[in-house]
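Rule-based calculations on the coordinates, nothing more; no lab input. Remember, predicted model here, so these are calculated numbers, not experimental data. We place every Cβ from the backbone using ideal geometry, glycine too, and count neighbours over all the protein chains shown.
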Amino acid sequence: MPKITFYNLPDNKKKMLIHAAKKEFSRVPLNDASISNIIKTARIPRGSFYQYFEDKEDAYFFLLNEFVININDNFVLLLKKYDGDLFETMIDFFQLIIEEEENVTFLENAFLNMTYKIEYTFSKIFRDCESNENIKEITDLINTSGLNISNDRDLRHIMQIISTITFRNVVEKFGKELSQQEALSNYIIEINLLKNGLARK
């Protein structure tokens, strides 16, 4: 995470540094990114960069965490919009991710160069479903009466399955350069297969 000196920066300087970092991480994946390009765009000395961040990974995961926090808020809003219908929520949520314009190249680089740490950061969107103390908050939002589950553990497994399908479809959208409509259509098919069950009744 950024150092305290970053948070103490005036808003305009903070925004300039964030813009410079996002521009570089949108240009190339994390491993190929250059601190030199970030400080050149931000118009700061190299030493200043290290007063704000430990290294480029620190800056990268700060941006990724900020995106995840923002999109997590949208996930909660969508759950409320659909009265806890998890499947309808996920379809809208997936569409929100693939139609993201401001961060599209940043996200594309992240998903096409996925590491365990990047995937773990993205999974924070559903993190509340993974801890016992926060499970009630999510179950209060999700309409579990329509789900074939027996307990909170089952719900956590459902969320893990859905998040895995969601991430794979986002990667496929970018990797195969699918149109938004193609990607959404594929995702809806998979979500409906889950919703309706895979075993013939």
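Some values worked out for this structure:
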read-out	value
All Cα pairs of the chain, percent lying beyond 25 Å	44 percent
Inter-part distance where the range 1-30 and the range 145-174 are each reduced to a Cα centre, Å	33 Å
222 nm mean residue ellipticity, helices alone, for the chain (DSSP H n ≥ 4; -39,500 (n - 2.57); rounded to 500)	-22000 deg cm²/dmol
Most mobile of Asp92, Asp83, Asp140 in a GNM of the chain (Cα contacts under 10 Å)	Asp140
Sites Ile149 and Lys176, calculated FRET efficiency, Cβ-Cβ separation with R0 25 Å, nearest 0.05	0.15
Relative contact order for the chain, counting Cα pairs under 8 Å that sit 6 or more residues apart, in percent	22 percent
For the range 4-68, size of Cβ-based charge dipole, Lys and Arg +1, Asp and Glu -1, in debye	400 debye
Shape of the range 158-201, Cα gyration tensor, a/c cut at 1.5	oblate
Cβ-Cβ FRET estimate between Leu112 and Glu190, R0 fixed at 25 Å, reported to 0.05	0.80
Entries in Lys23/Lys117; Lys22/Lys117; Lys80/Lys201; Lys22/Lys124 that, when Cα-Cα distance is taken, lie over 27 Å	Lys80/Lys201
Inter-probe distance in nm under a simple model that places probes 7 Å from Cα toward Cβ, at Asp58 and Lys80	3.6 nm
